[in-house]
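Q: Mind having a look at this structure? Questions to follow.
Computed from the coordinates by the stated procedures, all read-outs in this text should not be read as laboratory data. The shown structure was predicted, so the numbers you read here are calculated from the model rather than taken from an experiment. As a convention, Cβ positions derive from the backbone with ideal geometry for all residues, glycine included, and neighbour counts pool all protein chains shown.
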Amino acid sequence: MRLKTLAALGAAALISLGGAMAQASETVRFAVTDLAGLEQLQREFEDFKEVLEARSGMTIEFYPVNSRTAAVEAMGAERVDFVLTGPAEYVVFNRRLEAVPVVAFQRPDYFAQVVVLADSPYNTAEDLRGSKIAFGDVGSTSAHLGPMQALADQGLRPGVDYEALNISRNVAVEAMIRGDVAGVGMNFVHLRRIREAFPETKFRVVARGRDLPDDILLAGAHVAPETVETLRRLFADHEAELLQAMMSGEDNQKFAGGGFRPSVTDADYNYVRSMYATIGFPEYAEFVGD
């Protein structure tokens with residue numbers, strides 16, 4: 001009887017070990033919607049990938065995409081498992097594919113605002129009623145949806161209380177200096193950059209939105225819950241190491257001083273859903289502008 005018990009325990013141990021080895025040797029595919037091409041992915045995330053592989057035992061394969069729509073299609077076809085994307089993109093992924101939040105990538109000072117010239121007659125959001133306002137790329141969380149929501153939070157509706165234009169940022173600022181538009185929607189980092197680009201011009205913020213939801217690593221509905229949970233624990237246990245590895249990338253400097261939030265939930269992105277409703281897309285099932 002004792003020999004049978006030992007044999008049973010040994011078999012159970014082998015099964016458990018086999019499962020652990022299977023997880024350790026698992027290959028997962030990773031995409032980033034803001035980066036086009038394999039070279040950019042490698043430049044920004046190669047060090048991060050190496051740390052993640054070392055800590056998880058998984059093999060991480062880069063899966064380059066040339067658009068957020070391509071990323072959705074790839075995840076829907078189960079060609080990619082994990083995607084790092086922005087908050088405006090996440091709600092579409094979730095609506096179309098029931099993608100699962102894994103961990104939020106925090107961006108300090110990530111909020112939207114509407115900027116005017118300091119010597120203009122516009123001192124409040126209400127003063128912009130009836131004017132033309134420029135916004136960034138269609139569908140951008142912090143340059144289009146966010147600034148519009150900041151105005152909506154103060155009672156101004158696009159297409160009703162002001163005319164909205166989508167213009168590249170520096171061109172929009174030049175138009176504002178000429179008097180062609182009253183204000184420009186942008187985020188805090190954009191404002192720092194235009195102050196550097198236009199040192200002789202003074203600017204004023206007349207509308208500031210709440211801090212925007214974080215960028216997010218999401219998993220396809222086909223990914224095993226155990227794999228998702230393994231990555232969540234890794235981000236919690238090795239936050240400093242993973243964040244430092246990301247800082248080798250130029251684009252990833254937007255995450256400097258931030259961190260990871262494994263406690264992220266779908267409800268954290270309801271503010272983004274409000275933005276889609278504000279611009280007239282309450283279903284948020286498609287990417288605006290694609």
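Q: To the nearest Å, what is the center-to-center distance of the stretch 239-281 and the stretch 165-227, using C-alpha atoms only?
A: If you average the Cα positions of each part, the centres end up 15 Å apart.
Q: Which ordering of 51, 116 is given by a fewest-first count of other beta-carbon atoms within 10 Å? Can you show the working numbers first?
A: Details: 51 18, 116 25.
Ranked by crowding around the Cβ, least crowded first: 51, 116.
Q: With a ≥ b ≥ c taken as the square roots of the eigenvalues of the C-alpha gyration tensor of the stretch 182-268, please select rounded if a/c is under 1.5 and otherwise prolate if a/b is larger than b/c or oblate if it is not?
A: prolate
Q: Sort 68, 29 by Cβ crowding within 10 Å, fewest neighbours at the top. Could the numbers behind the result be given before it?
A: On the way: 68 22, 29 18.
In order of increasing Cβ crowding within 10 Å: 29, 68.
Q: Find, among the GluC sites (Glu not before Pro) in the stretch 164-258, those assigned to loop by DSSP (not H, G, I, E, B) with at most 12 other beta-carbon atoms within 10 angstrom.
A: Here the GluC sites (Glu not before Pro) that fit, given the DSSP loop and packing criteria, are 200, 250.
Q: Given labels modelled 7 Å from the Cα in the Cβ direction, how far is it in nm from residue 129 to residue 237?
A: Using points 7 Å along Cα→Cβ, the separation is 5.8 nm.
Q: Rounded to the nearest 500, what is the chain's calculated 222 nm mean residue ellipticity when only DSSP H runs of at least 4 contribute -39500 (n - 2.57) each, over all residues? If you can, show how the numbers build up before the last one.
A: Numbers: 10 runs with 119 residues, N = 290.
Counting only the DSSP helices, I get -12500 deg cm²/dmol.
Q: Mind checking which of 42, 149, 106 has the largest fluctuation in a GNM of the chain, springs on alpha carbons under 10 Å?
A: 42
Q: For the chain, report the translational diffusion coefficient in µm²/s to the nearest whole number, using Stokes-Einstein at 20 °C, 1.002 mPa s, and a Kirkwood Rh over Cα pairs.
A: Value of D from the Cα-based Kirkwood radius: 103 µm²/s.
Q: What angle do you read, to the nearest 10 degrees and between 0 and 90, between the alpha-carbon axis of helix 38-56 and the longest principal axis of the chain?
A: Helix 38-56 sits roughly 40 degrees off the main axis of the chain.
Q: Express in whole angstrom the spacing between the alpha-carbon centres of the stretch 117-135 and the stretch 48-64.
A: What the calculation gives is 47 Å, centre to centre.
Q: Give, rounded to the nearest 20 debye, the magnitude of the charge dipole that the stretch 111-211 has about its Cα centre when Lys and Arg contribute +1 at Cβ and Asp and Glu contribute -1 at Cβ. Walk me through the numbers on the way to the answer.
A: On the way: 12 positive and 12 negative charges, 39 e Å.
Value, rounded to 20: 180 debye.
Q: If one takes the longest principal axis of the Cα atoms in the chain, at what angle in degrees, from 0 to 90 and to the nearest 10, does the Cα axis of helix 225-237 lie?
A: Between helix and principal axis, roughly 70 degrees.
Q: Report the label-to-label distance for residue 270 and residue 201 in nanometres (one decimal), using points 7 Å from each Cα along the Cα→Cβ vector.
A: Going from the residue 270 label point to the residue 201 one covers 3.9 nm.
Q: Amide H neighbours of residue 59 under 5 Å, counting only residues 5+ apart in sequence or on other chains, H built in-plane at 1.01 Å?
A: Under 5 Å from the amide H of residue 59 lie the amide H atoms of 26, 27, 28, each far enough along the sequence or on another chain.
Q: Could I have the simple spin-label model distance between residue 43 and residue 248, label points 7 Å from Cα toward Cβ, reported in nm to one decimal?
A: It works out to 1.5 nm between the two label points.
Q: Here's another thing I want to ask about it. Magnitude of the Cβ-charge dipole of the chain, K/R +1 and D/E -1, about the Cα centre, nearest 20 debye?
A: Values: 28 positive and 41 negative charges, 93 e Å.
Approximately 440 debye in magnitude.
Q: Sticking with this structure for a sec: Could you give the alpha-carbon Rg of the stretch 111-211 over 2.2 N^0.38 Å, rounded to two decimals?
A: Here the Cα radius of gyration is 0.92 times the empirical estimate.
Q: Which angle between 0 and 90 degrees, to the nearest 10, do you get for helix 2-24 versus the longest principal axis of the chain when only C-alpha atoms count?
A: 30
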